[in-house]
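The structure under discussion appears below in the form of C-alpha cells.
Please treat every number below as a calculation from the coordinates, not as lab data. No experiment lies behind these values; they were computed from the predicted model shown. Using ideal geometry, Cβ is built from the backbone for each residue, glycine included, and neighbour counts are taken over all protein chains shown.
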Amino acid sequence: MKKDMLDPAKLASLNQWLAEPMDEIVHTYAGKFVAVHEQRIVAIGDSYRDVYAGAENQGLDEIPFVMEVPTADELSSSLPTVF
C-alpha cells in the first residue's frame, strides 16, 4: 500500500469512531479542516496544507486522516430524509 494511503481496516474503524462525535465536531469545527490520528483530533486549520503541517510537526508515525468538516446545513442535506 502507498505510504500516503490509509489502511482500509483503519479507515473503517475511523468511520465508526467519527459517527458518534460527528455532531460535536460539526458544531465545534464547521468549515475547518481537521486531522484525526488514533481516534483523536490532532490538528485543526483552514486548509489541508495547514492541517498536514500541524500534524507533521507532531511527528506522527503515519499519515493522519484529514477531512473538511461540513456545516450543519451541509451535513443535514447529505443525509437521507425519512418519508
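Return, ordered by residue number, the residues of region 40-70 whose backbone nitrogen is under 16 Å from a label point located 7 Å along Cα→Cβ of residue 27. Those under the cut-off are 70. Toward the positive end of the charge dipole of the chain, with +1 on the Cβ of Lys and Arg and -1 on the Cβ of Asp and Glu, the farthest Cα among 71, 55, 27 is that of 55. For the chain, averaging the sequence separation of C-alpha pairs within contact (under 8 Å, six or more residues apart) and dividing by the residue count gives a relative contact order of 30 percent. The tail of the calculated P(r) for the chain beyond 17 Å holds 50 percent of all Cα-Cα pairs.
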